[in-house]
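Notes to accompany the following structure.
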Amino acid sequence: MSAPATERLTVAIGDHEYALHLGAGGLVGELGRLWAPRAAGTGVLLAHDGNVADLARRAAAALRAEGLDVSEVAVEPGERSKSLSEVERLCRAAASAGLRRDDAIVAVGGGVVGDLVGYVAASYQRGVRLVHVPTTLLAMVDSAIGGKTGVDLPEGKNYVGAIWQPELVLMDVGALETLSARELACGFAEVVKYGLLSGEELFSVVERWPELPGPGDELIGLIRRCVEHKLDVVAQDERDLGIRASLNLGHTIGHGIEAAGGYDLYHHGEAISLGLLAALRIAEHVCGLPGQWRERTVVVLERHGLPTRLSDTIATDEITAAMGRDKKADASSLNMVLLDAPGSIRLRQNPPRDLILDAIEELRS
Ligand code: GLY
């Protein structure tokens, strides 16, 4: 039997260079071997999503096998854990484990755990080393890479945060086998986003994707292509002052839908599914994007169980109000990512309000 494929990327962002390992089931057992040689302090706080306790145990064992002193703490799954009270709890867990500035924090989980634990690593004793072990498709292709960390306030999502790059990222696609169909589909919405951002070639691979998660080696290749796209953009604009905004395709209206639904009616990827379609609709009017791209996007989203029709239980003015509160909106403008064609990106401030309202209404038909 041939060995499962494992890929190693070298990530260079600003002054930071680190390795990203991507492989099939069993890679998490290699965490200690792949990382420990670079470790400075030997203290580690490993914080994990309660849903992936087995995988976290294997990660902790792999680190202990290299002589590291690992304390473990579980985080309740769900967006509610992205809170300042959880930041305090985890910082205090780090303190009671005796973590010092040259020690490290390891995040094992999806987007919530990665964002929360990443922010704890950025803040505890003004910053300690960080390792990400993303366990959802969404975290692998998006949230665990690029350095964004943060938690929510009642006033808005990700209102408190920092850019903090990890020193290692390890993606074991075996972790995806534990995900529900809904969670896999949510991650796939971000994959569709990368298809549209990258260009026709990747879009056609995404369009032909038969089922989730999909065959191991091909899945690794698909994740790698999304990751490479994101890292290329982040390397140009780590602080999110320009081109990095393109990664928010579908997120301006998507975040409005997610917030207006109370973060419950639609999970993040589902809201992004709807947000992508609304953005493509606006792009048809503003940039002349041919209508075939929205039609083809509807087909691929529906094939994987993502919503393409907006619930009538959410009013359009609730969505636009939430969009105004979104962190991505400046004091005076609404920023949208549009396309002339897949791979040809236009950042546009304040598209006409009527077009936004029409695009949201169109999602109901
Ligand atoms: N998820 C968008 C970014 O990292 O910039």
Label point distance in nm, Thr308-Ser96, each placed 7 Å from Cα along Cα→Cβ: 5.1 nm
Would you mind checking the tilt of helix 216-236 against the longest principal axis of the Cα atoms of the chain, expressed as 0 to 90 degrees and rounded to 10? 80 degrees
Restricting to the chain, what percent of DSSP beta bridges are antiparallel, rounded to 5? 45 percent
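Equivalent ellipsoid semi-axes for the range 297-365, as square roots of 5 times the alpha carbon gyration tensor eigenvalues: give them largest first, rounded to whole Å. Could the numbers behind the result be given before it?
Details: eigenvalues 96, 69, 23 Å².
Rounded to whole Å, the semi-axes are 22, 19, 11.
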With angles folded into 0 to 90 degrees, how steeply does helix 181-198 sit against the dominant principal axis of the chain? Use alpha carbons for both and round to 10. 70 degrees
At q = 0.13 Å⁻¹, base-10 log of I(q)/I(0) for the chain (Debye sum, equal scatterers on each alpha carbon): -1.00
Can you give me the angle between helix 111-123 and the longest principal axis of the chain, using Cα atoms only, in degrees from 0 to 90, rounded to the nearest 10? 60 degrees
About the Cα centre, and with charges only on the beta carbon of Lys, Arg (+1) and Asp, Glu (-1), how big is the dipole of the chain? Nearest 20 debye, please. 600 debye
Rounded to a whole number, what % of the accessible area of the range 1-159 do carbon and sulfur atoms account for, probe 1.4 Å? 47 percent
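Determine the per residue accessible area of the range 55-159 with all protein chains present and a 1.4 angstrom probe, expressed in square angstrom. The partial results should precede the final answer.
Values: 4140 Å² over 105 residues.
Per residue, the range 55-159 has 39 Å² of solvent-accessible surface.
Over all directions, what mean area does the Cα convex hull of the range 221-320 project, stated in square nanometres?
In nm², the orientation-averaged hull projection of the range 221-320 is 7.7.
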Å² per residue, accessible surface of the range 207-296 at 1.4 Å: 38 Å²
³J(HN,Hα) across the range 263-273 via Karplus (A = 6.51, B = -1.76, C = 1.60, θ = phi - 60°), whole Hz, x for Gly/Pro? 6, 10, 4, 10, 6, 3, x, 5, 5, 5, 4
Tell me, what is the FRET efficiency for Thr42 and Arg182 to the nearest 0.05, using R0 = 30 angstrom and their Cβ-Cβ distance as r? 0.15
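Out of every Cα-Cα pair in the range 234-274, what percent are more than 16 Å apart? Don't skip to the end; give the middle numbers.
Values: 346 of 820 pairs.
When all Cα pairs of the range 234-274 are counted, 42 percent exceed 16 Å.
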Quick one: if you take sqrt(5λ) for each eigenvalue of the C-alpha gyration tensor of the range 53-111, what semi-axes come out, biggest first, whole angstrom? 21, 16, 8
Charge dipole (the range 265-320, unit charges on Cβ, about Cα centre) - positive-most of His267, Ile282, Thr320: Ile282
Round to a whole number: what % of the accessible area of the range 200-273 belongs to carbon and sulfur, probe 1.4 Å? 47 percent
Return the Rg/Rh ratio of the range 20-126 with Cα-based radii and a Kirkwood Rh. 0.94
For the range 143-184, fraction of C-alpha pairs farther apart than 12 Å, in %: 70 percent
Applied in sequence order to the range 51-66, the curve 6.51 cos²θ - 1.76 cosθ + 1.60 (Karplus, θ = phi - 60°) yields integer Hz couplings, x standing for Gly and Pro, of 6, 10, 4, 5, 4, 5, 4, 5, 5, 5, 4, 5, 6, 5, 4, 9
Express as a percent, rounded to the nearest 5, the fraction of DSSP beta bridges in the range 1-136 (both residues included) that run antiparallel. 30 percent
What residues qualify as long-range amide H neighbours of Leu153, i.e. H under 5 Å apart, gap of 5 or more or another chain, H built at 1.01 Å from N? Asn158, Tyr159, Val160
For the range 145-252, what percent of Cα pairs sit more than 22 Å apart? 40 percent
Quick check on the chain: helices-only [θ] at 222 nm, where DSSP H runs of length 4 and up contribute -39,500 (n - 2.57) each and the sum goes over total residues. Nearest 500, please. -13000 deg cm²/dmol
DSSP beta bridges in the range 1-75, what fraction antiparallel, as a percent rounded to 5? 55 percent
Once all Cα-Cα distances of the range 107-195 are split into 5 Å bins that start at 0, what whole-number percent is in each one? 3, 16, 24, 22, 18, 12, 4, 1
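The values are calculated or read from the model by the stated rules, or taken from the named source; none is laboratory data. As the structure is a prediction and not an experimental result, all values here were calculated from the model. Positions of Cβ are backbone-derived with ideal geometry, glycine not excepted, and every protein chain shown enters the neighbour counts. The accessibility values were calculated without ligands, DNA or RNA, using every heavy atom of the protein model including side chains. Shrake-Rupley method; radii C 1.70, N 1.55, O 1.52, S 1.80 Å.
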